[in-house]
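Have a look at the structure below, then the notes.
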Amino acid sequence: MERLASGTVLGAEGYVFELERRGYIKAGPYVPEVVLDFPDAVRELHREFLRAGSDVMVALTYYAHREKLRHVGREGDLEAMNRHAVRIAREVAQEGGALVAGNVCNTWFYDPADPQTHQAVRAMYAEQLGWAVDEGVDFVISETNDYLGEALIALEVIRELGLPAMVTLAPTQPDRTRDGYGYAEACRILAAEGAQVVGLNCDRGPQTMLPLLAAIREAVDCGVAAQPVPYRTDAAAPTMQALRSDGLQRAFPLALDPHGCTRFDMAQFAVQARDLGVNYVGICCGAGPHHVRAMAEALGREVTASRYSPAMELHPMFRADVSAADAVFLDAWNA
Ligand SMILES: [Zn+2]
């Protein structure tokens with residue numbers, strides 16, 4: 001809350017997507033087995049986001065809940081996976097004064113019409129977050145919520161543990177949650193129920209998430225978070241799931257590369273979101289450290305990785321005094 005009061009907090013997520021890309025997580029189930037199998041890979045990505053300016057190290061417990069681990073036959077590793085994820089995040093956070101966030105997400109198990117699933121979801125969140133609190137987190141992010149109802153269960157568990165809560169919705173549908181609440185209305189309810197930060201994450205890229213944010217900012221007095229995916233979604237394809245490429249039925253989730261946002265796109269988003277009054281600005285699935293650093297610098301910061309920020313005036317072809325010999329190359333580039 002102190003950091004929000006003193007300016008924009010920068011977040012960085014998308015650990016599951018990036019570690020899948022690097023060969024450490026299986027696409028499909030997307031369970032973060034990497035936490036136990038290759039902890040150095042998780043440590044490294046945390047460090048890259050930290051150096052790029054992220055104020056928060058989010059423990060990689062996304063999909064590390066009982067239902068998902070059962071699917072991949074690793075239910076016995078549930079506690080170790082959750083505890084280690086927080087430990088790794090803490091260890092790296094301490095290298096740069098970042099906060100540590102515990103993390104829970106939609107379970108794919110919640111059914112608004114079936115109260116038994118509500119109890120099961122509550123139990124999954126309670127065990128995950130109990131371990132997270134044990135290992136030491138500063139606050140909890142409940143994210144990619146499709147249902148306000150499921151988000152409210154997460155919020156209740158977080159509040160029972162006495163931690164600040166950031167609860168964000170996945171804006172997959174045009175204007176409302178799967179249980180029928182307009183996004184701004186759902187955020188207003190979450191804020192009224194005690195969430196310190198509310199907002200949107202994942203699914204939409206900057207261009208289609210931005211238009212939803214103003215109404216949320218108007219609806220609440222608490223912090224507002226926006227963590228889009230770095231993909232060029234538009235009116236025709238408002239979510240990354242809707243993006244199509246030639247010859248492919250669906251670009252999501254394995255062939256999104258040609259739709260990716262540049263670092264400049266994300267830098268522009270960071271400024272636009274801040275100007276709308278979003279105070280937790282971040283990035284979700286598809287994020288790379290180059291996006292995060294560009295966002296940090298656009299928000300006026302110099303971060304550890306800024307030491308290696310571009311200096312195109314030193315590029316052999318772009319410098320002011322490009323030689324006559326090199327100019328021939330440049331003619332070809334400009335052809
Ligand atoms: Zn995401």
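For the reader, a short list of remarks on this structure follows.
- Residues of segment 65-94 classified as touching a residue at least 40 places away in the same chain (Cβ under 8 Å), in a loop (DSSP other than H, G, I, E, B) and not aliphatic (A, V, I, L, M), total: 2
- Condition check for Thr168: over 25 Å from Met57 (Cα atoms) and either at pLDDT below 95 or open to solvent by less than 40 Å² (accessible area, probe 1.4 Å) (or both): no
- Residue, farthest from Val56 (Cα to Cα), within segment 189-201, restricted to residues that are in a helix (DSSP H, G or I) and in contact with a helix residue (DSSP H, G or I) (Cβ under 9 Å, 6 or more places away or on another chain): Ile189
- Gln241 satisfies every condition listed in (1) more than 22 Å from Val16 (Cβ to Cβ); (2) at pLDDT 95 or above; (3) of a type in the set (S, T, N, Q) except (1).
- Lone qualifier among Gly53, Gly23, Gly7 - being of a type in the set (Gly, Ala, Ser), assigned to a loop (DSSP other than H, G, I, E, B) and open to solvent by 50 Å² or more (accessible area, probe 1.4 Å): Gly23
- Of residues in segment 60-94 being closer than 24 Å to Val197 by Cβ and touching a His at 6+ places or on another chain (Cβ under 9 Å), the one surrounded by the most Cβ atoms within 10 Å (Cβ to Cβ): Ala89
- Residue match in segment 175-188 (condition: in a strand (DSSP E or B) and at pLDDT 95 or above): yes
- Members of segment 95-132 that are open to solvent by 60 Å² or more (accessible area, probe 1.4 Å) and part of a helix (DSSP H, G or I): Glu95, Pro115, Gln116, Gln119, Arg122
- Within segment 192-207, if we keep just the residues that are more than 13 Å from the ligand (Cβ to nearest atom) and of a type in the set (S, T, N, Q), the residue that is least open to solvent (accessible area, probe 1.4 Å) turns out to be Gln196.
- Filter result for Leu163 (crowded, with 16+ Cβ neighbours inside 10 Å, assigned to a helix (DSSP H, G or I) and on the phi < 0 side of the Ramachandran plot): no
- Taking (1) within 14 Å of the ligand (Cβ to nearest atom); (2) out of contact with any helix residue (DSSP H, G or I) (no Cβ under 8 Å at 6 or more places or on another chain) in turn, Glu44 satisfies each apart from (1).
- Considering the conditions (1) closer than 24 Å to Asn145 by Cα; (2) aliphatic (A, V, I, L, M); (3) touching a Phe, Trp or Tyr at 6+ places or on another chain (Cβ under 6 Å), Ala41 is excluded by exactly one of them, (1).
- Residue match in segment 208-230 (condition: within 16 Å of the ligand (Cβ to nearest atom), open to solvent by 20 Å² or more (accessible area, probe 1.4 Å) and part of a strand (DSSP E or B)): no
The values are calculated or read from the model by the stated rules, or taken from the named source; none is laboratory data. Note that the structure is predicted; figures quoted are calculated from it, not measured. Quick reminder, even Gly has a Cβ in these numbers, built from the backbone with ideal geometry, and neighbours come from all protein chains shown. Ligands, DNA and RNA are stripped out before the accessible areas are found, and what is left, the full protein with its side chains, is counted by its heavy atoms. Shrake-Rupley method; radii C 1.70, N 1.55, O 1.52, S 1.80 Å.
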